[in-house]
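Worksheet: the structure to be examined is printed underneath.
The values are calculated or read from the model by the stated rules, or taken from the named source; none is laboratory data. Just so it is clear, the model here is predicted, and its values are computed rather than measured. Quick reminder, even Gly has a Cβ in these numbers, built from the backbone with ideal geometry, and neighbours come from all protein chains shown. Only protein heavy atoms, including side chains, enter the accessible area calculation; ligands, DNA and RNA are left aside. Shrake-Rupley method; radii C 1.70, N 1.55, O 1.52, S 1.80 Å.
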Amino acid sequence: MKVIAFNGSPKEEGNTYHLIRHTLDEIEKAGIMTELVQIGGRKVHPCMACGRCFEMRDRECSVKNDNVNEYIRKMIDADAIIIGTPTYFAGVTPEIKAFMDRAFFVGKANGDLFRQKLGAGIAAERRSGAVCAVDTVNHYFGISGMFTAGSRYWNNAKGLQPGDVDEDEEGIDTMKQLGENIVWFIKKTHK
């Protein structure tokens, strides 16, 4: 059993990282392996709409000069996928958008690689807009035939400076319950 999480914030230990970490801590308590991959601030090329993934069907994107193919392999091997992002004008970061476009397009081209996996979007926000960012992530899960994990409230918390989200008690509690819900789902569905 494994959960892979992607941090789309260019601040490696910013608020998005803290939210993901709270969720992963709950998952790790249950003995499930986790991995956190830093995407924000890294080179991630956008989809070129070349269609080669549909021609080749080799579970890879034709763009080879970044780490997206490695990320796709990690997603294939995982039971659950968490995608975290800070809120950029009520949306996701450019790196997360480019990553999702390519990874999920490759998934579609190869017989719905991520179908029946669990997905969870997480967003950090200063004031508002995180619901839209999480919704963007969840759309990729839905069109890929995945299940979406929720919590007791929206999967987000408020904070400006790195670590500020730790003061949002309801937000942190939401992340912890999200982790608990992911554990429940994985244990119920794991073969």
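In the chain, the longest principal axis of the Cα atoms and the axis of helix 169-189 are about 50 degrees apart.
When only Cα pairs below 8 angstrom with a gap of at least 6 residues are kept, the stretch 52-115 shows a relative contact order of 47 percent. Listed by chain and number, the lysines whose alpha-carbon sits under 30 Å from that of residue 43, ignoring those within fewer than 8 places in the same chain, are 2, 11, 64, 74, 97, 108, 117, 158. Between the beta carbons of residue 64 and residue 143, assuming R0 = 25 Å, the FRET efficiency works out to 0.50 to the nearest 0.05.
When the Cα atoms of the stretch 96-191 are aligned to their principal axes, the ranges along those axes come out at 42, 32, 17 Å in descending order. Relative contact order, whole percent, for the chain stands at 27, derived from Cα pairs under 8 Å and 6 or more residues apart.
Could you tell me which label, among (i) 131; (ii) 117; (iii) 98, carries the value of volume of the Cα convex hull per residue in Å³ calculated for this structure? Step by step, volume of the Cα convex hull per residue in Å³ for this structure corresponds to label (iii). Set Lys and Arg Cβ to +1 and Asp and Glu Cβ to -1, take the dipole of the stretch 1-117 about its Cα centre, and tell me which of 106, 19, 89 lies farthest positive. Among 106, 19, 89, the one farthest towards the positive end of the dipole of the stretch 1-117 is 106. Just the protein heavy atoms count here, and of the accessible area of the stretch 45-95 at 1.4 Å, carbon and sulfur take up 54 percent. Bridging of residue 188 to aspartates and glutamates at a Cα separation below 14 Å is possible for 79, 180, once same-chain residues fewer than 8 apart are set aside. Looking at the stretch 58-156 alone, DSSP beta bridges between its own residues are antiparallel in about 10 percent of cases.
Accessible area per residue for the stretch 41-157 is 47 Å², calculated with a 1.4 Å probe on protein heavy atoms, without ligands, DNA or RNA. For a modelled paramagnetic label at residue 187, 7 Å from Cα along Cα-to-Cβ, the residues of the stretch 4-29 in reach, with backbone nitrogen under 12 Å, are 27-29. I'd like the orientation of helix 94-109 relative to the chain: the angle between its Cα long axis and the longest Cα principal axis, in ° from 0 to 90, rounded to 10. The two axes meet at around 50 degrees.
Classify the stretch 1-103 as rounded, prolate or oblate, taking a ≥ b ≥ c as the square roots of the eigenvalues of its Cα gyration tensor: rounded when a/c is under 1.5, otherwise prolate if a/b is larger than b/c and oblate if not.
On the way: a/c = 2.59, a/b = 1.36, b/c = 1.91.
Judged from the Cα gyration tensor, the stretch 1-103 comes out oblate (a/c at least 1.5, b/c at or above a/b).
Once both labels are positioned 7 Å from their Cα atoms along Cα-to-Cβ, the gap between residue 42 and residue 56 label points is 1.8 nm.
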